Amino acid sequence: MDIIPRSNVVHKLEKRSLLIAINCIAGLSIFFFGYDQGMMGGVNGAVDYYDTTMKFGHQDPKTGAPVIDNTLLQGGIVSIYYLGTLIGCLIGGWFGDRYGRIKTIGLGAGWAVLGATLQTSAQNHTWMICARLVNGWGTGMLNAIVPVWATETAEHKSRGQFVAIEFTLNIFGVVVAYWIEYGANFYKGGTGQFTWRFPIAFQIAPLLLLFAICWLFPESPRWLVKVGREEEARYILGRLRGETGEDAGKAEAEFQDIRNIAELERKTAKAQSYISMLFGIGSGKLHTGRRVQLVIWLQIMQEWIGIAGVTIFAPTIFRTAGIANAQVQWISGLNTITYMFATLICVFTLDRIGRRWTLYWGSVVQGISMFLAGGLSTAGLQHPAGSALARGYSSGAVAMIFLFTATFGATWLTVPWLYPAEIFPLEVRAKGNAWGVVGWSIGNGWLTLLLPVIFKALEQKTYYIFGVANIITLPMVYCLYPESNQRTLEEMNLLFASDSIWNWEAEKNFAILKEQNPELVQAAQRGQSVIDPETGLSKSGRQGSVSRNMSLDVNALTHHEDAYEEKQTFKHG
């Protein structure tokens with residue numbers, strides 16, 4: 001394959017080794033994302049940062065704890081980052097669908113380096129606000145495209161596992177951020193600029209590495225099919241899936257599925273802009289408007305169930321639970337380690353029990369832990385500080401925070417990032433995933449802006465808000481979110497073709513369409529290929545051509561022996 005540079009790893013690696021290499025690069029980007037989020041928890045507690053440089057608080061002379069005088073400024077500095085991610089993800093989604101996944105990763109990494117450099121050198125809160133906005137642009141681009149690249153190269157049977165591994169690295173980034181900041185606090189008593197400037201600067205290292213090596217990796221074969229570069233796409237699929245032995249025919253079968261669904265999407269949907277996607281204008285049976293709403297609200301609820309508060313304001317949360325200021329930082333760091341190891345549960349369960357059941361059990365345990373954390377914290381604060389009862393209740397509250405964080409890592413951490421990268425049509429997959437990042441940005445920005453005010457007003461009762469949010473997610477997921485597990489990316493258009501918003505109707509409609517469109521859904525499934533592995537020919541006798549009798553309307557197809565000779569017809573309700 002002379003079109004692809006010889007330096008590209010696709011020529012040297014294949015099958016699982018190539019997938020692991022791709023996963024490592026995706027994981028490097030997700031590591032940066034986690035580090036960037038976890039970093040602000042410690043930075044907000046640095047004396048020079050909140051007192052001398054940003055001037056939104058002062059240090060309590062008795063306890064040494066930060067006293068926030070301007071909660072709106074503190075929350076604004078944190079939350080402006082999410083306005084940046086919102087803008088960046090929309091740019092990244094558009095750029096990724098037009099110019100490819102790899103170029104978007106390079107652009108996002110370069111832009112994030114600029115933002116991190118500006119943050120490191122910030123001299124006042126105005127500078128920091130602008131720097132975090134720029135840094136958010138780069139993060140948004142990466143978050144919009146990296147999950148898409150990962151899912152488009154992975155096999156459908158292990159897609160969840162690969163993305164779950166990446167998010168283990170995401171939380172590893174949070175862990176590294178906490179412990180770097182913990183160590184930096186011992187430098188000159190934790191009162192100098194190094195305490196907060198070094199942790200911010202550290203993120204530049206993985207970003208530079210990502211920018212340097214992403215060009216050595218293969219483009220998404222699905223994007224290549226979309227833009228007509230089918231020879232490259234077929235070669236990369238062959239390297240990803242294998243071409244010999246029991247793997248013979250797998251790549252060709254998947255390639256035909258991709259070509260078929262790409263053609264169907266072009267015939268079905270007319271408008272592809274962000275506004276058209278948001279309102280479903282011109283999408284026909286693809287129902288992109290519904291998909292956009294699903295991923296936006298899934299990401300918003302991911303933040304409102306409590307994790308944004310625990311990640312960014314962990315020191316504040318542990319103080320409200322009655323923990324002494326001297327112990328807060330290392331307990332926060334220990335919590336992140338528990339969080340990281342809990343993500344490994346998702347690696348082994350997500351592709352077994354599915355996305356919906358993963359969210360169900362997560363919401364139940366998280367809701368219980370939040371209500372108990374609120375109750376135990378309240379009980380602890382009603383007793384004299386330092387008493388046995390106060391310590392007992394506070395320890396129980398901290399245990400509930402640990403339980404919540406671990407459960408979130410095993411459930412809600414991964415699914416809201418995986419789902420948007422799975423369910424959108426190929427034509428707009430990067431833009432669709434960008435809408436998920438929009439939801440995440442709205443949820444995070446809204447929450448981090450309000451949390452300092454909420455914690456100040458409600459203190460430990462804030463946990464009850466998070467508990468209620470977890471309860472709300474149960475009927476929401478049950479009624480509105482179809483299962484994507486063990487289904488190919490090409491099957492998603494059939495899954496969302498129903499005109500009804502209810503999940504049970506979507507599943508009924510999917511079963512019918514699956515029978516009516518065998519060349520869309522069987523080619524990528526082991527043992528059901530419509531491609532003869534010995535001849536490379538379609539079992540229907542049609543090599544290299546797009547199926548001529550495909551539709552997303554259950555009423556549009558009739559089964560005739562001479563279906564391939566009839567004129568293709570598409571009807572949209």
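The values are calculated or read from the model by the stated rules, or taken from the named source; none is laboratory data. Owing to the predicted nature of the structure, the values given are computational and were not obtained by experimental measurement. No Cβ is skipped: glycine too gets one built from the backbone with ideal geometry, and neighbour counts run over all protein chains shown. All accessible areas refer to the heavy atoms of the entire protein, side chains included, with ligands and DNA or RNA removed. Shrake-Rupley method; radii C 1.70, N 1.55, O 1.52, S 1.80 Å.
List of remarks:
- Residues of segment 238-290 classified as charged (D, E, K, R) and without any contact (Cβ under 8 Å) to a residue 40 or more places away in the chain, total: 3
- All positions within segment 330-343 that are open to solvent by 50 Å² or more (accessible area, probe 1.4 Å) and more than 13 Å from Val175 (Cβ to Cβ): none
- Helices (runs of 4 or more DSSP H) lying entirely in segment 103-210 (those with 3 or more residues that are closer than 30 Å to Arg356 by Cα): 125-153, 159-184
- When Leu133, Leu107, Leu90 are checked against the criterion of being open to solvent by 10 Å² or more (accessible area, probe 1.4 Å) and either charged (D, E, K, R) or under 30 Å from Tyr50 (Cα atoms) (or both), a single residue qualifies: Leu133.
- Output for segment 52-66, where each listed residue is open to solvent by 60 Å² or more (accessible area, probe 1.4 Å) and either under 21 Å from Met39 (Cβ atoms) or within 34 Å of the chain's Cα centre (by Cα) (or both): Thr52, Lys55, Gln59
- Glu219 modelled with pLDDT under 95 and open to solvent by 10 Å² or more (accessible area, probe 1.4 Å): no
- Taking first residues from segment 159-173 that are over 12 Å from Ile25 (Cα atoms) and partners that are assigned to a helix (DSSP H, G or I) and of a type in the set (Asp, Glu), the Cβ contacts under 8 Å between residues at least 6 apart in sequence or on separate chains come to Arg159/Asp351; Arg159/Glu422; Gly160/Asp351; Gln161/Asp351; Gly173/Asp36.
- Sole residue being open to solvent by less than 10 Å² (accessible area, probe 1.4 Å), more than 27 Å from the chain's Cα centre (by Cα) and small (Gly, Ala, Ser), chosen from Gly432, Gly380: Gly380
- The condition of being part of a helix (DSSP H, G or I) and either farther than 28 Å from Ile331 by Cα or hydrophobic (A, V, I, L, M, F, W, C) (or both) does not hold for Thr52.
- Residue selection: Leu13 fails the criterion of being open to solvent by 10 Å² or more (accessible area, probe 1.4 Å), under 15 Å from the mean Cα position of the chain (by Cα) and more than 24 Å from Val453 (Cα to Cα).
- Taking the listed residues Asn185, Asn170, the one that is among the polar types (S, T, N, Q) and crowded, with 24+ Cβ neighbours inside 10 Å is Asn170, with no other qualifying.
- Test: residue in segment 412-434 that is touching a residue at least 12 places away in the same chain (Cβ under 8 Å), more than 30 Å from Arg101 (Cα to Cα) and assigned to a helix (DSSP H, G or I): no
- Evaluation of Thr462 against the conditions (1) touching a residue at least 60 places away in the same chain (Cβ under 8 Å); (2) crowded, with 19+ Cβ neighbours inside 10 Å; (3) within 20 Å of the chain's Cα centre (by Cα) shows that the sole unmet condition is (3).
- Test: residue in segment 411-430 that is among the basic types (Lys, Arg) and touching a Gly at 6+ places or on another chain (Cβ under 7 Å): no
- Residue in segment 67-75 that is of a type in the set (Gly, Ala, Ser) and either open to solvent by 50 Å² or more (accessible area, probe 1.4 Å) or under 19 Å from Ile323 (Cβ atoms) (or both) present: no
- Test result for Tyr478, open to solvent by 10 Å² or more (accessible area, probe 1.4 Å), out of contact with any Leu (no Cβ under 9 Å at 6 or more places or on another chain) and of a type in the set (Ser, Thr, Tyr): yes
Each row is one residue, and each column tells you yes or no for (1) charged (D, E, K, R); (2) within 24 Å of Asp60 (Cα to Cα); (3) over 24 Å from the mean Cα position of the chain (by Cα).
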{"site": "Thr168", "(1), (2), (3)": "no, no, no"}
{"site": "Val174", "(1), (2), (3)": "no, no, no"}
{"site": "Gly183", "(1), (2), (3)": "no, yes, yes"}
{"site": "Lys188", "(1), (2), (3)": "yes, yes, yes"}
{"site": "Thr195", "(1), (2), (3)": "no, yes, yes"}
{"site": "Leu207", "(1), (2), (3)": "no, no, no"}
{"site": "Glu219", "(1), (2), (3)": "yes, no, no"}
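- Here Gly386 meets each of (1) outside any helix (DSSP H, G or I); (2) at pLDDT 90 or above; (3) not hydroxyl-bearing (Ser, Thr, Tyr) with one exception, condition (2).
- Taking segment 134-169 as the range and being aromatic (Phe, Trp, Tyr) and at pLDDT 90 or above as the test, the residues that pass are Trp137, Trp149.
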